[in-house]
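Here the structure is laid out as structure tokens; the discussion comes afterwards.
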Amino acid sequence: MDKRSLLDLLRRDARESVDDIARQLGADAEAVAAALDELEADGVVRGYQAVVDWDRVADEHVRAQVEVDVELDRETGYEEIATRIARFPEVATLRLVSGDYDFFIEVEGESMHDVSNFVSERIAPIPEVTKTVTHFVMDSYKEEGIELGDGDDDDRLSVSP
Amino acid sequence: MTFGDHLSERVEQVPPSGIRRFFELAEEVDDVISLGVGEPDFSAPWAARTAAIDSLERGKTSYTSNRGMRELREAISERVTRYGQEYDPEDEIIVTTGASEAVDLAFRAFVDQGDVVAIPQPSYISYTPGALFAGGEPLPVPTHAEDEFKLTPEALEAAGADEADVLVLCYPNNPTGAVMTDDELADVAEFVREHDLIVLSDEIYADLRYEDDHASIATHPGMRERTIVFNGFSKAYAMTGLRLGYAMGPPEAIDAMNKVHQYAMLSAPTTAQYAALEALRSCDDAVEEMVSEYDRRRRFVLARFEEMGMDCFEAKGAFYVFPEVPDGDDEAFAEGLLEEQNVALVPGSVFGSGGEGHLRVSYATSMKELRVAMNRIEAYVTGT
């Protein structure tokens, strides 16, 4: 069972049935199920989520990208700070990045107020945090490799040589 | 006066295309899922499209050299080394308006009145009319399901192709998805040399092979001097509508083709040539991704036919599989399937002798649609 092919396929469509995955990979269903279990057990696959175009959902949904600068000391490293930030359910994504700032955080909430409150009351006060810059997401055009436009119609001839 | 009285015999002798009839039938059905499409469901890679746009912005809208832009011919020359082919961009390559134009040029350049053109069947629908338009006499060479629709010296012998002047090859094959290995081509090459034929080898699906690398007859001993190779950007780069292909062969052959081309076409579309150049330079990854997607679908479709008990040899190229119709009547099957289940595909008999009793199933459509289409075919076959 080639796990890389299995991952490629899941990244395209994680909702495919085990049977359909098996057909596409030319493997048998038991082998696919076993490989999936293994990927999950090893922590390679951490979950399966829908890619949502929030503009098309009636409920208010606000996202912001937050740049965070920190100052480390002898007792505290990136790891410790990250663990503390990651625990907040409002934090959807947390990454240590190279460049002008240290952490990149994606925060989700129901209103701009929620999100800015969260940043000023939960993130900024962390002793090691020296600076935050919050960017609210105004529009999104592509998520997880999927374009959020109206898509292109298939305008090919229905039957052609 | 009516033009009907003035049609040339060459045109009149060619019957209307059977694919056209199915297209018209399919157009009448609402919500049809089509497995009858002979072109990719992807768009051309974005890098290639932007190169075309850039060229327009820079005002590159004049003719190019008859044989195509020098840079493009150089890039093609470099590209085909991966198939073991070596052609000089100076005088052994011509860029054409689709590989289709290149095939037509070859018929017009190398076929004399009454020359016999051997065409393995089932085959892409343009070769026979192309040979007829040029005044040639098409000789069908049936290939068979039990040979996985590969061409064999025995099949050539049985059809009387030893008397032919020209042999057309198309592997990977439309409509069957058949491929030929180097060894199998060696046997054909021996036949060709022995009976002194020339070969027109349409390799437009060269990059769409799923089990092994592309093999070309032109790389066999004594074959380069008697072979024209056709290739293009339509299939691998999903650029069908940009109409760009090329032919490669010995200088005197390309010269002759260029003679026809310069009067009939002048040069291939300039915008498309810029797209093609970028495609060769930077779109290998995009092609690789499309190829793995086709391969997943191919396995899926083959597995589904096996599950529903329809015999289907393991096609290893292009984006077609060619299953057998349970009761043998491919036209009735295709019409019934369209009527009852809204799934369009092309009956094999459209592609000539040897195709009857089979269906061309194109998997150039999304997995989502394929899944539904295969369920509907299953329902039709089991009568539920």
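The values are calculated or read from the model by the stated rules, or taken from the named source; none is laboratory data. All values derive from a computational prediction rather than experimental measurement. Note that we place each Cβ from the backbone using ideal geometry, even for glycine, and neighbour counts take in every protein chain shown. When the accessible area is computed, the model is the full protein with side chains, heavy atoms only, and any ligands, DNA or RNA have been set aside. Shrake-Rupley method; radii C 1.70, N 1.55, O 1.52, S 1.80 Å.
Details
- For A:PHE104, the stated conditions hold: it is open to solvent by less than 50 Å² (accessible area, probe 1.4 Å), part of a strand (DSSP E or B) and under 12 Å from A:ALA64 (Cα atoms).
- Residue match in segment B:81-97 (condition: acidic (Asp, Glu), in contact with an Asp or Glu (Cβ under 8 Å, 6 or more places away or on another chain) and under 27 Å from B:ALA164 (Cα atoms)): no
- Qualifying positions in segment A:131-161 - in a loop (DSSP other than H, G, I, E, B) and within 12 Å of chain B (Cβ to nearest Cβ): A:GLY145, A:GLY151, A:ASP152, A:ASP153, A:ASP154, A:ASP155, A:ARG156, A:LEU157, A:SER158, A:SER160, A:PRO161
- Qualifying residue in segment B:236-243 (condition: out of contact with any Cys (no Cβ under 8 Å at 6 or more places or on another chain), farther than 21 Å from B:LEU35 by Cα and surrounded by 18 or more Cβ atoms within 10 Å (Cβ to Cβ)): yes
- Count of residues meeting criterion [among the β-branched types (Val, Ile, Thr) and in a loop (DSSP other than H, G, I, E, B)] in segment A:56-74: 1
- Taken together, B:VAL80, B:VAL32, B:VAL37 contain a single residue that is within 14 Å of chain A (Cβ to nearest Cβ), open to solvent by less than 10 Å² (accessible area, probe 1.4 Å) and not polar (S, T, N, Q), which is B:VAL37.
- Pairs are defined by a Cβ separation below 8 Å, a sequence spacing of at least 6 or placement on different chains, a first member in segment B:360-384 that is within 12 Å of chain A (Cβ to nearest Cβ), and a second member that is part of a helix (DSSP H, G or I) and among the polar types (S, T, N, Q); the pairs so defined are B:MET367/A:GLN24.
- For A:ARG74, the stated conditions do not hold, so it cannot be described as under 20 Å from A:GLU144 (Cβ atoms), away from chain B (no Cβ under 14 Å) and at pLDDT below 95.
- Selection over segment B:170-219 of residues that are more than 14 Å from every other protein chain (Cβ to nearest Cβ), more than 20 Å from B:ILE76 (Cα to Cα), open to solvent by 20 Å² or more (accessible area, probe 1.4 Å) and out of contact with any Asp or Glu (no Cβ under 6 Å at 6 or more places or on another chain) gives a count of 12.
- Every residue from segment B:26-85 that is touching a strand residue (DSSP E or B) at 6+ places or on another chain (Cβ under 6 Å), β-branched (Val, Ile, Thr) and under 27 Å from A:ASP152 (Cα atoms): B:VAL32, B:ILE33, B:VAL37
- Considering residues of segment B:13-29 that are more than 7 Å from chain A (Cβ to nearest Cβ) and of a type in the set (A, V, I, L, M) only, the residue nearest to B:TYR124 (Cα to Cα): B:VAL14
- Hey, A:LEU6 of a type in the set (A, V, I, L, M, F, W, C) and within 14 Å of chain B (Cβ to nearest Cβ) or not: yes
- Among the candidates A:LEU96, A:LEU36, A:LEU10, the residue that is surrounded by 11 or more Cβ atoms within 10 Å (Cβ to Cβ) and farther than 30 Å from B:LYS316 by Cα is uniquely A:LEU96.
- Filtering segment B:245-294 to residues that are under 28 Å from B:SER366 (Cα atoms), surrounded by fewer than 19 Cβ atoms within 10 Å (Cβ to Cβ) and of a type in the set (Gly, Ala, Ser) leaves B:SER282, B:SER292.
- The lone criterion from (1) within 14 Å of chain B (Cβ to nearest Cβ); (2) modelled with pLDDT of 95 or more left unmet by A:THR83 is number (1).
- Some residue of segment B:134-149 being open to solvent by 30 Å² or more (accessible area, probe 1.4 Å), touching a Ser or Thr at 6+ places or on another chain (Cβ under 9 Å) and without any contact (Cβ under 8 Å) to a residue 24 or more places away in the chain: yes
- Check on B:ALA106, of a type in the set (Gly, Ala, Ser), open to solvent by less than 30 Å² (accessible area, probe 1.4 Å) and more than 30 Å from B:MET223 (Cβ to Cβ): no
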